[in-house]
Every structure is written in structure tokens, then in C-alpha cells.
Amino acid sequence: MDIETWREAFPAVAEEGRIHLNNCSASPLPQRGIDARRECERVWVTEGNPWETWLGKVNEAKGRFAGLINADPDDVAVLSCATQAFSQVASALEYDDRSGVVLSELEFPTTPQFWGAQERRGAEVRVAESDDGITVPASAYEAHIDDDTALVCTSHAYSFTGGLCPVDAVADAVHDAGGYLFLDAYQSLGVVPIDVDDQDIDMLVSGSLKFLLGGPGIAFLYVDPDVAAELEPTNLGWFGVDDIFGFET
């Protein structure tokens, strides 16, 4: 499509003279997103509780997300935000044997705030420093990774600079030490290719409000199936069982 056709697809910039300057906060909502939201409201009003329709849409969204990262939809959970994804993973960690959690100094505040709070549960937060204020080299992460490291939790694209994490090298380093790699792809998914299998990513979270053009309130958590088999979260609820309509208590 030509640029004017693209502009018309986004009401926020369709008006002549308006230009969206990407600030990586929330994307302008496309018209088809607005239409989909209205359709959701229509179905809710006219059909009451159409669980088959709702869950079908959830599974469709999981499938589309999985396709972006080369994952199986069964290894993807739908959540509300990055904090909830961090919480799900953290609830499965015990810090008696491994307490180290490695972050970078260029993280969005959610990451250090969340993992800093886990120090009350026994975690030890370590911070990889940037040499240039834009990126964090693999060596900076490696300096804080040892046999006590539980995981590295870091951004794929650093929110304040746009610099990219050296994912492959960091994955190799933390796996050699016996820990996990948890990647926050909020700032990159949709514009930077990700392959969780090829890049050996254990866990990944991203949401729909930025480059995926879907608005806030929806996030996706990927967990490698082998990792999922090793960890058992204590944050469990209705959708955390195999048969949600079995109503087992």
C-alpha cells in the first residue's frame, strides 16, 4: 500500500498534518483494531457468555504470537502485562540453591522494581553495566553470571535507547552456568526478528500495545516446554489447569 493508504488505516494520523513520532509507549490504534474491539462488545451484548467464541479468539491470538517467535501455541500463555509474567515465573523459583538474578542497567523500571522486591524472598539482584549508555555487551552480563545464577532477565531492546541485547551470547553464558534466560521483548517484537528455538530463549514476554498495534491489557508469556517441565509455579488459578471446564477444586 502507498503511504496515504497506510495513514488512513490509523485514525490518529489520518488527519492531514498529523505525524506519529514513535515514543515506544503505546502505538496509534489501527481502524481494524477499533472494529475488532467493537465486535467483541457486540458479541458480549448479544450472545451473553459465548465461551466458545472467546476462547477461540484467545487461541487465535496465541497462534499469531507463537508464529512471530517460532514457538508452539501450547507453550504460550495470555496474561495482562510484563509484571504478571515476571510474577508467574518468579513464583516457580526457589532461591536457596540459586539466588542470582542478573539484569542490565538499561532496563525499563518494571524489571528492576519487580526483581528488587524478590530480594525479600532470597533473590540477589546483580546489574550488568553499559559502557556507552546505549547497549550492554555480553561481557557485562557474563561478569555477573556464575553457578549461583538462577536467571538473566533482560530486555531484547532497551526502552530508553533502542540498543539490542546480544541475546545469543547471553543465552550461551547463562545456560553454561545452569540458569535460564528470560527475555522482555515489549520494545522489539513486531520489528526485530525473534526465534526462541534458534536463539535458545527459555522464557519471553511481550505485549500488544507497542509494535503489535493492539492496545494495552494483553501480554503473552512463552516458556520453553522443557523449562516448564522443570518449574512449577505457585501462582495458579482457573486457567492454570488442563480442563478449565472440569471445575475441579
On the basis of being in contact (Cβ under 8 Å) with a residue 24 or more places away in the chain, open to solvent by 30 Å² or more (accessible area, probe 1.4 Å), in contact with a helix residue (DSSP H, G or I) (Cβ under 9 Å, 6 or more places away or on another chain) and under 24 Å from ILE244 (Cβ atoms), does CYS81 make the cut? yes
Taking region 21-51 and the residues there that are of a type in the set (S, T, N, Q) and surrounded by 12 or more Cβ atoms within 10 Å (Cβ to Cβ), the one that is nearest to the chain's Cα centre (by Cα) would be SER27
Hey, ILE69 of a type in the set (Val, Ile, Thr) and out of contact with any strand residue (DSSP E or B) (no Cβ under 9 Å at 6 or more places or on another chain) or not: no
Inspect all residues belonging to region 200-218 and state whether any of them is at pLDDT 95 or above and out of contact with any helix residue (DSSP H, G or I) (no Cβ under 8 Å at 6 or more places or on another chain). no
Could you tell me whether LEU183 is under 12 Å from the mean Cα position of the chain (by Cα), of a type outside the set (Asp, Glu) and either under 30 Å from ALA12 (Cα atoms) or part of a loop (DSSP other than H, G, I, E, B) (or both)? no
Conditions (1) among the aliphatic types (A, V, I, L, M); (2) at pLDDT below 95; (3) assigned to a helix (DSSP H, G or I) -> ALA169 fails only (2)
**OP:** Examine region 88-97 for a residue that is touching an Asp or Glu at 6+ places or on another chain (Cβ under 8 Å), closer than 21 Å to PRO225 by Cα and open to solvent by 30 Å² or more (accessible area, probe 1.4 Å), and state whether such a residue exists.
**Re:** no
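Residue-by-condition table, conditions (1) in contact (Cβ under 8 Å) with a residue 12 or more places away in the chain; (2) open to solvent by 20 Å² or more (accessible area, probe 1.4 Å); (3) farther than 26 Å from ILE145 by Cβ; (4) in contact with a strand residue (DSSP E or B) (Cβ under 7 Å, 6 or more places away or on another chain):
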| residue | (1), (2), (3), (4) |
| --- | --- |
| GLN187 | yes, yes, no, yes |
| ASP195 | yes, yes, no, no |
| MET203 | yes, no, no, yes |
| GLY207 | yes, no, yes, yes |
| VAL227 | yes, no, no, yes |
| GLY240 | no, yes, yes, no |
| PHE247 | no, yes, yes, no |
Requiring at least 1 residues that are within 28 Å of LEU151 (Cβ to Cβ) and of a type outside the set (Val, Ile, Thr), the helices (runs of 4 or more DSSP H) wholly within region 25-140 are 51-69, 82-90, 110-117
All conditions in (1) more than 22 Å from TYR95 (Cβ to Cβ); (2) surrounded by fewer than 24 Cβ atoms within 10 Å (Cβ to Cβ) are true of ALA177 except (1)
Conditions (1) in contact with a Cys (Cβ under 7 Å, 6 or more places away or on another chain); (2) in a strand (DSSP E or B) -> VAL205 fails only (1)
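The values are calculated or read from the model by the stated rules, or taken from the named source; none is laboratory data. Given the structure is predicted, the values throughout are model-derived calculations rather than measurements. Here the Cβ is made from the backbone with ideal geometry for all residues, glycine too, and neighbour counts use every protein chain on show. For the accessible areas, the whole protein counts, side chains as well, though only heavy atoms, and no ligand, DNA or RNA atoms are used. Shrake-Rupley method; radii C 1.70, N 1.55, O 1.52, S 1.80 Å.
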